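Visitor: My structure is below; once you've seen it, I'll send some questions.
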Amino acid sequence: MTALIIIGIIVFVIALLLWSTVTFEIASNGRKTVITAKMFGFIKRDFVFPPEPKEPEKSKPKKAKKSKKRKAGGSKSESAEPEPKNTESEAPGFLKQKLGPAWDSGARWFDFEYIENALAEYKDLIKHGTSALAVFLRRMRRRIRVSRLDLYIKFGTGAPDKTGIAYGAAHAAAGSLNAFIRSYFNTETGLVLYLDPDYVNSCFEFELGSIIKTRAAHVLHGAVAALARFIINRIKLKGSVGNVGNFGQAPD
């Protein structure tokens, strides 16, 4: 009887956790992204990307030991430890290394040749990641509520004509993206885009604010199906499996 009560309590707690509503508040300006996850109104956790560097612990300098014996004709010398050098790498991160050259600062425009080569280099990874994302979105369709999705972009190419072209292209892309968001997510406002073109200077800044709500069970179900699809595609690519089942696959 006691064992049944314990099992019932465990099942109830797991069901309560999986069926609870999880809220994600996202704020990003490109340099720093903060994701706040909330559950039950009192459980809260912040995720910061990139993570803030930890301050190195200061080690106490060791005192040099004095030698009791001296060599004849030798002078007394005290050994002092060299000061620790700052070996922290200032090399740019992976994303900055890959995305940085996409913008040609000399021409003040996108380097489409570099973008095409980068896409070709990661063609398989992008294809499989897109397929897994399609599975996840199909599982989560209309189960994610987006109560806020605001995007502010300030940009300039340094050339008024190119800035105008980019302004029109951004509005067209936002319209297509908004239609996609409304078809897959439960939202009333959709994407709210604020464009601030600078026709004089070359710049790019953005701020993103979003509030997303869904149930933990839906996220777990969609993530497992998407991960299974991604792994199967990678195994097929390596040629280890000739024919794999269609578990969690999205229609082509």
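The values are calculated or read from the model by the stated rules, or taken from the named source; none is laboratory data. Here the structure is a predicted model, which is why all the values come from computation and not from measurement. Glycine also receives a Cβ, built like all others from the backbone with ideal geometry; neighbour counts cover every protein chain displayed.
Visitor: Output the residues belonging to the stretch 2-49 that are part of a loop (DSSP other than H, G, I, E, B), of a type outside the set (D, E, K, R) and touching a strand residue (DSSP E or B) at 6+ places or on another chain (Cβ under 8 Å). Even if it seems obvious, please write down each step before you answer.
Guide: Filtering the stretch 2-49 down to residues part of a loop (DSSP other than H, G, I, E, B) leaves 20, 29-32, 40-42.
When the remaining residues are screened for being of a type outside the set (D, E, K, R), the result is 20, 29-30, 40-42.
Within the stretch 2-49, S20, N29, G30 qualify.
Visitor: Before we move on, is V224 in a helix (DSSP H, G or I), at pLDDT 90 or above and under 30 Å from W19 (Cβ atoms)? I'd like the intermediate steps shown before the answer.
Guide: Numbers: in a helix (DSSP H, G or I): yes; at pLDDT 90 or above: yes; under 30 Å from W19 (Cβ atoms): yes.
In short, yes.
Visitor: Just one of (1) among the hydroxyl-bearing types (S, T, Y); (2) in contact (Cβ under 8 Å) with a residue 60 or more places away in the chain; (3) farther than 19 Å from T23 by Cα; (4) surrounded by fewer than 16 Cβ atoms within 10 Å (Cβ to Cβ) trips up S147, so point out which.
Guide: Only one criterion is unmet by S147, namely (3).
Visitor: Let me ask something else. Name every residue in the stretch 122-144 that is free of Cβ contacts under 8 Å to residues at least 40 places away in the same chain and of a type in the set (S, T, Y), in order of residue number.
Guide: Y122, T130
Visitor: What single numbered condition from (1) of a type in the set (A, V, I, L, M, F, W, C); (2) part of a helix (DSSP H, G or I); (3) within 24 Å of T33 (Cβ to Cβ); (4) at pLDDT below 90 fails to hold for I232?
Guide: Looking at each condition in turn, I232 falls short on (3).
Visitor: Does the stretch 180-207 hold any residues that are in a strand (DSSP E or B) and of a type in the set (V, I, T), and which are they?
Guide: From the stretch 180-207, those in a strand (DSSP E or B) are 186, 192-197, 202-207; that's our starting set.
The answer is V192, and nothing else.
Visitor: How many residues does the stretch 102-116 contain that are surrounded by 11 or more Cβ atoms within 10 Å (Cβ to Cβ), of a type outside the set (S, T, Y) and either on the phi < 0 side of the Ramachandran plot or at pLDDT 75 or above (or both)?
Guide: Here the count works out to 8.
Visitor: In the stretch 106-145, what residues are outside any helix (DSSP H, G or I) and of a type in the set (K, R)?
Guide: Looking only at the stretch 106-145, we keep the residues that are outside any helix (DSSP H, G or I), and these are 106-111, 122, 140-145.
R108, R141, R142, R143, R145, listed by residue number.
Visitor: Does L177 count as among the hydrophobic types (A, V, I, L, M, F, W, C), surrounded by 14 or more Cβ atoms within 10 Å (Cβ to Cβ) and not in a helix (DSSP H, G or I)? Spell out the reasoning first.
Guide: On the way: among the hydrophobic types (A, V, I, L, M, F, W, C): yes; surrounded by 14 or more Cβ atoms within 10 Å (Cβ to Cβ): yes; not in a helix (DSSP H, G or I): no.
Spelling it out, it is not the case that L177 is among the hydrophobic types (A, V, I, L, M, F, W, C), surrounded by 14 or more Cβ atoms within 10 Å (Cβ to Cβ) and not in a helix (DSSP H, G or I).
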